[in-house]
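Below is one structure, written out as structure tokens; the observations come after it.
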Amino acid sequence: MTYAEIDKSKVSPMMQHYLSVKEEYPDCILFYRLGDFYEMFFDDAVEVSRVLEITLTGRACGLEDRAPMCGIPFHAYESYMTRLVEKGYKVAICEQLEDPDEAKGIVKRGVIRIVTPGTNTSISELDSSANSYIMSIFYSSYPFGAAISDVTTGEFSVAEIKDEKSLRDEIIRFAPKEIICNEAFFMSGVDVDELRQMHHIQVNSLPNAYFDEAGTDSAICDHFKVSHIDSLGLHDLPQGVVAAGALLTYLTETQKNELGNIVRINILKEKGCMLIDSSTRRNLELTVTLREKEKRGSLIWILDKTKTAMGARRLRQFMEQPLADKALIEERLDAVSELSDKITDRDEIREYLNTVYDIERLMGKVSYKTANPRDIVALRSSLSMLDPIRKLMSGFDSALIKRLADAIDPLEDMYELISKAICDEPPVSIHEGGIIREGYSEKADSYRKAKTEGKEWLMSLESKIRESSGIKNLKIRFNKVFGYYFEVTNSYLSMVPDDFIRKQTLSGSERYTTAELKEMEDKILNSEERLIALERDLFTEVRDELAANIGRLQDTARAVAYIDVLCSLSYVAEHNAFVRPKINKKGVIDIKNGRHPVVEHMLKEGRFVSNDVYLDSDKDRISIITGPNMAGKSTYMRLTALIVLMAHMGSFVPCESADICIIDRIFTRVGASDDLASGQSTFMVEMTEVANILRNATKDSLLILDEIGRGTSTYDGLAIAWAVVEFISDKRKCGAKTLFATHYHELTELEGKVDGAKNYCFAVKESGDNVVFLRKVVRGGADRSYGIHVARLAGVPDNVIRRAQEIAGDLAGNDISGRVSDIASAKKKRQPDELDRGQISLFDLEQDSDIMTELRNLKLDMMTPMDAMNTLYNLHNKALDI
């Protein structure tokens, strides 16, 4: 039965309320609190039971049929809720807004929060090392307006993005869980289906009212408490302002609070940062591996030795947005260098950091009023480490570390408040009592004394009655139904005093009360209830005071995260023999004995073969790298890109020495994969990436190109690879520093013919039929790929190997290398409709031959199928005789 079919006049009052709330949130799964469970009914119940695989039952509600129902325990709802939002559902949390014991009639309930994929604030269910972003996009014309926020940490940024490709790169970089947009965005040219299916991003359009210019300006000004957006530096970002205002409105509506942890707005700018597009991020395996999509085997797996969740997230930001400013890079390197020089102090800082919790997300819970007593104790523990960390940092000379030390507020007042107010081991719930420390509140102490003395009196009364009556096993017990009572077993019933009043009869005992016990029960229970209520109010006051100081706590958290990253980079450098790179503006990349940071870690110590890399802006712009399969070409190129990227992060690098110039972008075209979801073949994917590189690369870019043109025919592939090298080498068109690996050995002819191109190859040692890959780069070009040898190593059957060798010998005489000079010098311009006869060489017949004449004279429309077969047979025989 659907909601539209339900006759509300026939259902119970509780179900009427449920249906009225569901009408307000028709696009959400409604979690409706009933006692210790969140219940779902009707369509929601059927859907949730299917998705979460929980039992579907029924509940009488006044209708002829029972209402479909399923439920989850309220204390474990976060895991169930997270599973739903990860599958793209929205969940509305309808909570009890009053104490059921004090309610008159139906308990008052209301929706306190709407949880979507991008607004899930359940810390226990989120990846602590990665941000959980939601993105807002506004499109009317170029540029796109964009706003990005992590509601768990309070991060909020705005940007304007020039085109679809740049927007896609930003989406992949931030990896938002959810995107909200205006309707026009679906007509912008961005592939929304790809975002949904391949990147698992929930994309939803909102009504145009969310993106009204006046309304968005007002939303921003109201939230940040300014009179005009110019006060926030947003006057040059009209599209970004619309996106930001829409996002703030959406977050306010879903979170049902003031978003107190969003206290500043950050403007994202391309200038000053190296740009890394989605292909490069994937190909270099920065955060996950290409095949398994796991952290192990990625660059962050090597570099992330942070001690805090905040630091892990900050390191990821460093990696995905490296610096492109020499002064800022050197400042980070100075800090890492000094930390490496002062290992004892660094390790002591790391020890203190080890006990620091996720202050950013804890403060998010504080601002949303969902922080429980144990969260506050965790915050206190973290605050206790701030002053020792700051004092150690103050002893450093690095300008960056000194600035970070100054930015750390010890927050003694907040620490003192929590220490005085909250006991050391409070319960999770604020409804259980035992939260407030003795001595913090006189009123609470008085209730606590009454409770404690009352229990002492009960013990005294129990002992007195036991002695006076002679009932040796008499006990005073308690339950929520009968309160306090005397329990007497059947064997002592004859000894029960006359003033005992029977309350309950059990099979083996009787339960009694007395006027005296009833009076003390009232005092004890009332004091307990009042104490719990008072402690709840006092805890809320402490939490609100922390929320009022959220700016101080967030600034300190950012500084702590930053020093955590620097310590991690220093620790990694020490334990992996990384060295400090030099940074230059001369356009030179000079790496001595470079190593791949991940591959060398996977191999046994000393097994990795290091190599030199040299590129500049003049005679060594393009390295054309040839050599066998499995020789290490891809690893060599990747290690170059990773060393350059790590240097721009401010990290030490895996090599003997490195002098790295400022790079504006790293582009990679590595590997081959079909994009089946969008219907693109391997070659189409390859050419799309190459097109992007050639359009956007500059003289300050680094290009990593592996096997360009291998996805098509030999002639076409060679021609494309050749033309790409020529284009890149032209300083007027590109002039980028490039590592170009290929199996087209004919491209080695380009050295001396194309400006800036140099040949390199991987050395191989042959011994009979065996080949040893030395994995060492040397000057010069290779003339063989040793593919058959690799096939033998892979276990291809011997008979196939032998046949392959025979065929290779036959083909060697038809090598195309003799025609390379013709390719290089060809200037003939083809008409657009001219047929390339090289593509139909299988039918290379002279136009005036007898066969061609006969073909032209055939009357195909007059022939029967048998005539056609006979004619084809005769033509075939004539062709064999030619």
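The values are calculated or read from the model by the stated rules, or taken from the named source; none is laboratory data. Here the structure is a predicted model, which is why all the values come from computation and not from measurement. Cβ placement follows ideal geometry from the backbone for every residue including glycine, while neighbour counts extend to all protein chains displayed. Heavy atoms of the whole protein, side chains included, go into the accessibility calculation; ligands, DNA and RNA do not. Shrake-Rupley method; radii C 1.70, N 1.55, O 1.52, S 1.80 Å.
Give the peptides 302-309, 137-144, 800-807 in descending order of average Cβ contacts within 10 Å, highest first. Before the final figure, lay out the partial values.
Details: 302-309: 22.2, 137-144: 20.2, 800-807: 11.9.
The densest-packed peptide leads the list: 302-309, 137-144, 800-807.
Could you state the accessible area per residue of the chain in Å², with a 1.4 Å probe and every protein chain left in place? Please list the in-between numbers first.
Working: 43010 Å² over 882 residues.
In whole numbers, the chain has 49 Å² accessible per residue.
All other residues with a Cβ under 13 Å from the Cβ of Pro73 taken together, and with Lys, Arg as +1 and Asp, Glu as -1, what is their net charge?
-2
Quick one: of Lys269/Lys391; Lys269/Lys699; Lys177/Lys604; Lys391/Lys592; Lys269/Lys776, which pairs are farther than 31 Å apart, Cα to Cα?
Details: Lys269/Lys391 34 Å; Lys269/Lys699 21 Å; Lys177/Lys604 39 Å; Lys391/Lys592 39 Å; Lys269/Lys776 41 Å.
Among Lys269/Lys391; Lys269/Lys699; Lys177/Lys604; Lys391/Lys592; Lys269/Lys776, the Cα-Cα distance tops 31 Å for Lys269/Lys391; Lys177/Lys604; Lys391/Lys592; Lys269/Lys776.
Just to check I understand the Karplus step: with θ = phi - 60° and J = 6.51 cos²θ - 1.76 cosθ + 1.60, what whole-Hz values come out for the stretch 286-299, glycine and proline as x?
6, 10, 9, 7, 5, 8, 7, 6, 10, 5, 4, x, 9, 5
Give me the angle, in degrees from 0 to 90, between the Cα long axis of helix 412-421 and the longest principal axis of the Cα atoms of the chain, rounded to the nearest 10.
Long axis of 412-421 versus the principal axis of the chain: about 40 degrees.
Given R₀ = 51 Å, FRET efficiency for Ala130-Gln504 by Cβ-Cβ distance, to 0.05?
Values: r = 57 Å, r/R0 = 1.11.
The value I calculate is 0.35.
Please list, or write none, the lysines whose alpha carbon is within less than 21 Å of the alpha carbon of Lys443, excluding same-chain residues fewer than 8 places away.
Lys420, Lys451, Lys455, Lys523
Kindly rank 693-702, 557-566, 196-205 from highest to lowest mean number of other beta carbons found within 10 Å of each residue. Each step should come with its number before you reach the end.
Working: 693-702: 18.3, 557-566: 25.5, 196-205: 16.3.
Ranking, from highest mean packing down: 557-566, 693-702, 196-205.
Under 25 Å Cα-Cα from Lys878, which lysines qualify once same-chain neighbours fewer than 8 residues away are excluded?
Counting by Cα, and skipping residues close in sequence, Lys878 has these lysines nearby: Lys859.
Is it possible to state the helix-based mean residue ellipticity at 222 nm for the chain, with each DSSP H run of 4+ residues giving -39500 (n - 2.57), the sum divided by total residues, to the nearest 500 deg cm²/dmol? What is it? Provide the component values of the computation, followed by the final result.
On the way: 29 runs with 371 residues, N = 882.
After summing the helix terms and dividing by residue count, I get -13500 deg cm²/dmol.
With a 1.4 Å probe and all protein chains left in place, how much of the accessible area of the chain comes from carbon and sulfur atoms, in whole percent? Working shown, then result.
Values: 21440 of 43010 Å².
Within the chain, the accessible surface is 50 percent carbon and sulfur.
Using unit Cβ charges (K, R positive; D, E negative) and no other charged atoms, how large, in debye to the nearest 20, is the dipole of the chain about its Cα centre? Could the numbers behind the result be given before it?
Details: 113 positive and 140 negative charges, 339 e Å.
Value, rounded to 20: 1620 debye.
What is the local net charge at Ile262, summed over the other residues whose Cβ is closer than 10 Å to its Cβ (Lys, Arg +1; Asp, Glu -1)?
On the way: positive: Arg264; negative: Asp150, Glu155, Glu258.
Its environment carries a net charge of -2.
Could you calculate the FRET efficiency of His75 with Thr540 from 1/(1 + (r/R0)^6), where r is the beta carbon distance between them and R0 is 25 Å, rounded to 0.05? Please report the intermediate quantities before stating the final value.
Numbers: r = 20 Å, r/R0 = 0.81.
After rounding, the FRET efficiency stands at 0.80.
In a shell of Cβ-Cβ distance under 11 Å around Thr635, excluding Thr635 itself, what net charge do Lys and Arg (+1) and Asp and Glu (-1) give?
Numbers: positive: Arg595, Lys633, Arg638, Arg775; negative: Glu600, Asp706.
Summing Lys and Arg as +1 and Asp and Glu as -1 gives +2.
Tell me, what ³J(HN,Hα) does each residue in the stretch 228-238 have, in order and in whole Hz, if you take phi through Karplus 6.51 cos²θ - 1.76 cosθ + 1.60 with θ = phi - 60° and put x for Gly and Pro?
8, 5, 4, 5, 9, x, 9, 5, 9, 10, x
Using the alpha-carbon atoms, what tilt in degrees (0 to 90, nearest 10) does helix 77-86 show relative to the longest principal axis of the chain?
20
Given a Förster radius of 30 Å and the C-beta distance between Lys165 and Ala808 as r, what FRET efficiency does 1/(1 + (r/R0)^6) yield to the nearest 0.05? Walk me through the numbers before you get to the answer.
Numbers: r = 42 Å, r/R0 = 1.39.
Result of the calculation: an efficiency of 0.10.
Rounded to the nearest 10 degrees, what's the angle between the helix 798-812 long axis and the longest principal axis of the chain, both from Cα atoms, 0 to 90?
50
Expressed in nm², what is the orientationally averaged projection area of the convex hull enclosing the Cα positions of the chain?
57.5
Do any of Lys256/Lys295; Lys90/Lys369; Lys402/Lys633; Lys326/Lys753 go past 31 Å between their Cα atoms, and which? Let's see the in-between values first.
Working: Lys256/Lys295 35 Å; Lys90/Lys369 21 Å; Lys402/Lys633 43 Å; Lys326/Lys753 35 Å.
Table pairs above 31 Å Cα-Cα are Lys256/Lys295; Lys402/Lys633; Lys326/Lys753.
How far is the Cα center of the stretch 175-240 from the Cα center of the stretch 794-809, in Å?
59
If the cut-off is a Cα-Cα distance under 16 Å, which aspartates and glutamates reach Lys342, setting aside same-chain residues fewer than 8 apart in sequence?
Cross-link targets: Asp334, Glu351, Asp397, Asp564, Glu574.
Length gain on complete extension for the stretch Ala327 to Asp618, per 0.36 nm per residue less the alpha carbon to alpha carbon distance? Can you show the working numbers first?
Working: separation 291, 0.36 × 291 = 104.76 nm, distance 2.47 nm.
Result: 102.3 nm gained on full extension.
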